[in-house]
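Take a look at the structure below.
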Amino acid sequence: MAQAKNVTVSQGVRMLFSLMTPNESSFATVQEVPTYVSQATPYFTGLIILEIVLGWLKKDGPRIKINDFITSLSAGVMSRLPQLMMRSLELSAYIYVWNNFRLLELPWDSAWTWWLAFLGVDMGYYWVHRFAHELNILWAAHQVHHSSEYYNLSTALRQSVTQQFSSWAFYLPLALMVPPSVFAVHIQLNLLYQFWIHTELVKDLGPLEWILNTPSHHRVHHGRNPYCIDKNYAGILIIWDRMFGTFAPESDHVVYGLVHPISTFEIWTVEFLYYPYLWQRFWEAEGISNKLSVIFKGPGWTPGKPRLGDIADIPQITGEEMPYNPTWSPAMQAYVLVQFFLLLDVYNNLLMDQTILSEMTVLLLTAYVLLSLTSLGFLIDQRANAAEMEMLRCVLTMALLRFGYIKPLVPLLAFPIEAFVLISAVYWSLQCVNQRINRMKKEN
Ligand SMILES: [Zn+2]
Ligand SMILES: [Zn+2]
């Protein structure tokens, strides 16, 4: 059976900007389609470093805070974990419809098919995204992506774990004629394009602003200024917003994030907090019609208001808005950053090797990644029980390093990493003892 190829460096860079050609990205079978998104990590990293460096050089460069940055990357990692266990639902549902209900079979090796799929997936994404904002039950998933109060490349990676379980439905009309192998390329390239537009460094792209979704257009989408609400849903082409009446150009200074900021960096809360809130609103609503409206109307809807709520209810921007950013020690910031990069290495190896690892190993490492995201999230959020969990995590990391489940990127670093993790385990054990003594003293 033909195997998927790895992307070249040139393709790796171009795939982030929707600059791939039909020739190099048309495949006969789904099995041959490269895992573009999984292979994108080094290119994401390169652009993030570039953004940080340019930000330092420019006075008004992007603001990046380690707590927000790691929370966004953690959400990105967490959202990809289900795909280690199963083929993406988007692709599985698509293949099912293609196998059972296709009306015609467009040739996989024609540039026409490729371009039709490009447009079809991009328009499908517009509606996925618009429904994700206009239906409260779907917003519960998508609000994760909007929860950062900063706007930089890391914000692009702040993805929802649960959104993938609803978005598949919107692409099914394409499955009536476009082969799954062509769809499997475009669903990835469409997502990858949306990475680079999450930046404040690119101001205006001139005439391209008419056709393409650009950093400027997408900044509006992430704004909580009244003029930004429910605008600019585009993936690659902004034409859909212009056609369907949801376009707004960037004007006043954009203040980013949710209308009601969540003020936490704990990853489980970031990912799932909206569901209990929705549940509560559902039970509090009076009568079946209001209950259904809570689920299926916009997040801003309340009884007596239009379907998407009243824009007059959105708080005006005062210019005094400050992102949530409690102080924490530089040493702890450095610690969390180093531990997070070690974790990213484990995660990247897991992505690359998932087909050759046993199911048990994939499960074990997935559980380790989840535990690590939780523990580092507790540290960033300065939770009381963070020390205990981090001590446990360090002991587990030691064991995984010892037994060869975790292999450092650079073999030479194996010893320093083990030493660092050991010292960390001792430090957190001491912290735990210290906390217990303090608690006992207080009780007496
Ligand atoms: Zn959105
Ligand atoms: Zn975005």
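The values are calculated or read from the model by the stated rules, or taken from the named source; none is laboratory data. None of these values were measured; they are calculated from a predicted model. As a convention, Cβ positions derive from the backbone with ideal geometry for all residues, glycine included, and neighbour counts pool all protein chains shown.
What to note about this one:
- Residue match in region 407-422 (condition: closer than 23 Å to M85 by Cβ and buried (at least 19 other Cβ atoms within 10 Å of the Cβ)): no
Here is a yes/no grid of residues against (1) in contact (Cβ under 8 Å) with a residue 60 or more places away in the chain; (2) more than 16 Å from ligand 2 (Cβ to nearest atom); (3) in the same structural domain as L73 (by TED's automatic domain parsing); (4) not hydrophobic (A, V, I, L, M, F, W, C):
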position: N213; (1), (2), (3), (4): no, no, no, yes
position: Y227; (1), (2), (3), (4): no, yes, no, yes
position: G235; (1), (2), (3), (4): yes, no, no, yes
position: I238; (1), (2), (3), (4): no, no, no, no
position: R242; (1), (2), (3), (4): no, yes, no, yes
position: Q280; (1), (2), (3), (4): no, yes, no, yes
position: A285; (1), (2), (3), (4): no, yes, no, no
position: I288; (1), (2), (3), (4): no, yes, no, no
position: V294; (1), (2), (3), (4): yes, yes, no, no
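- Considering (1) in contact with a His (Cβ under 7 Å, 6 or more places away or on another chain); (2) within 16 Å of ligand 1 (Cβ to nearest atom); (3) not aliphatic (A, V, I, L, M), the lone condition that E149 does not fulfil carries the number (1).
- Among residues of region 31-50 that are of a type in the set (D, E, K, R), those with a beta-carbon under 8 Å from a residue that is assigned to a helix (DSSP H, G or I) at least six positions away or on a different chain give the pairs E32/S181.
- Some residue of region 378-389 being touching a Lys or Arg at 6+ places or on another chain (Cβ under 7 Å), without any contact (Cβ under 8 Å) to a residue 60 or more places away in the chain, surrounded by 15 or more Cβ atoms within 10 Å (Cβ to Cβ) and more than 29 Å from R87 (Cβ to Cβ): no
- Condition check for V178: farther than 28 Å from E321 by Cα, in a helix (DSSP H, G or I) and either over 13 Å from the mean Cα position of the chain (by Cα) or within 16 Å of ligand 1 (Cβ to nearest atom) (or both): no
Here's the yes/no breakdown for (1) assigned to a loop (DSSP other than H, G, I, E, B); (2) of a type outside the set (F, W, Y):
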residue	(1), (2)
G206	yes, yes
W210	no, no
V220	no, yes
A234	yes, yes
R242	no, yes
S251	yes, yes
L258	yes, yes
